[in-house]
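The values are calculated or read from the model by the stated rules, or taken from the named source; none is laboratory data. All values reported here derive from a predicted model rather than from experimental measurement. Virtual Cβ from ideal backbone geometry, glycine too; neighbours counted across all protein chains shown. Surface areas here come from the heavy atoms of the whole protein model, side chains and all, with no ligands, DNA or RNA. Shrake-Rupley method; radii C 1.70, N 1.55, O 1.52, S 1.80 Å.
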Amino acid sequence: MIKDSSTTTDRAPLSGSWGIHINWGTGIVIAIALFMSFILYFVVKVQSNSKYDNELVVEEYYKQDAHYQDEINQLQNAHDLSHQPTFDQTAKGITVTFPSEFDFTKLTGELSLYRPSNKKLDFEMPISLTNSNPSLLIPKTRLVGGRWDITLHWQYEGKEYMTKETVYIN
């Protein structure tokens with residue numbers, strides 16, 4: 001009697017050329033472990049390399065978030081003005097001009113310049129205007145090329161105002 005080899009159950013499991021036997025469950029575990037190792041490698045690489053700076057936009061964001069409604073009110077106060085301050089790029093830098101309806105000797109405040117790509121370039125300037133010079137100049141020497149977020153926060157006769165502007169320097 002001739003034995004049919006297709007009906008025998010004595011088959012060896014699948015194996016590589018080295019004779020290693022891996023079932024599908026072990027293969028899944030190995031694949032997950034390799035994937036996790038791949039992801040962890042990049043996490044460690046990014047966290048340890050100073051080229052990838054992971055700084056916060058604002059150091060104390062909870063404290064800033066508590067005053068968010070005040071900021072909304074200040075933005076609305078500025079929006080309700082008949083004329084808002086203007087931001088113009090000139091050869092000397094950025095000129096911030098306030099509307100002529102203000103008495104500039106009573107106007108106080110601060111101008112904050114935020115550089116999203118480099119915290120070290122951020123700076124602030126006090127607002128100091130006279131009736132003969134209703135504009136404030138941000139010198140071009142302090143501005144490197146790229147995006148700048150400008151926040152103008154000022155007070156006039158007890159009322160607070162805020163204007164935000166994004167400027168791109170060439």
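Hey, any idea what % of region 100-160's accessible area is carbon plus sulfur with a 1.4 Å probe?
49
Using the Cα centre of region 27-170 as the reference point, and only Cβ charges (+1 on K/R, -1 on D/E), how large is the resulting charge dipole? Debye, rounded to the nearest 20.
In total the dipole reaches around 800 debye.
Classify region 48-170 as rounded, prolate or oblate from the Cα gyration tensor: take a ≥ b ≥ c as the square roots of its eigenvalues, call it rounded if a/c is under 1.5, otherwise prolate when a/b beats b/c and oblate if not.
The shape class here is oblate.
Which entries in the list 45/164; 119/140; 45/140; 51/92 go over 29 Å, if you measure between the two C-alpha atoms of each?
45/164; 45/140; 51/92
Any idea of residue 110's accessible area? Nearest 10 Å², probe 1.4 Å.
Around 80 Å² of this residue is reachable by solvent.
Using the Karplus curve 6.51 cos²θ - 1.76 cosθ + 1.60 with θ = phi - 60°, what ³J(HN,Hα) values do you get for each residue of region 32-45, in whole Hz, with x for Gly and Pro?
Taking θ as phi minus 60°, the curve returns 5, 5, 5, 5, 4, 5, 4, 5, 4, 4, 6, 4, 5, 4 Hz for region 32-45.
Compare 41, 62 by solvent-accessible area with a 1.4 Å probe and give them largest first, with all protein chains kept in place.
62, 41
Relative contact order for region 55-170: what is it in percent, counting Cα pairs under 8 Å that are at least 6 residues apart?
RCO, region 55-170: 27 percent.
Can you give me the long-range amide H partners of residue 108? Hydrogens built in the peptide plane at 1.01 Å from N, cutoff under 5 Å, separation of 5 or more residues or another chain.
155
Rounded to two decimal places and with Rh computed the Kirkwood way over Cα pairs, what is Rg over Rh for region 79-130?
Rg/Rh: 1.01.
Can you list the lysines whose alpha carbon is less than 25 Å from that of residue 159, not counting same-chain residues fewer than 8 positions off?
Leaving aside lysines fewer than 8 places away in the same chain, those within reach of residue 159 are 63, 106.
Under a plain spin-label model, where a point goes 7 Å from the Cα along Cα-to-Cβ, how far apart in nm are residue 66 and residue 119?
Once both label points are built, they end up 2.1 nm from each other.
What residues have an amide H closer than 5 Å to that of residue 93, excluding those fewer than 5 places away on the same chain, when H is modeled at 1.01 Å from N in the peptide plane?
140
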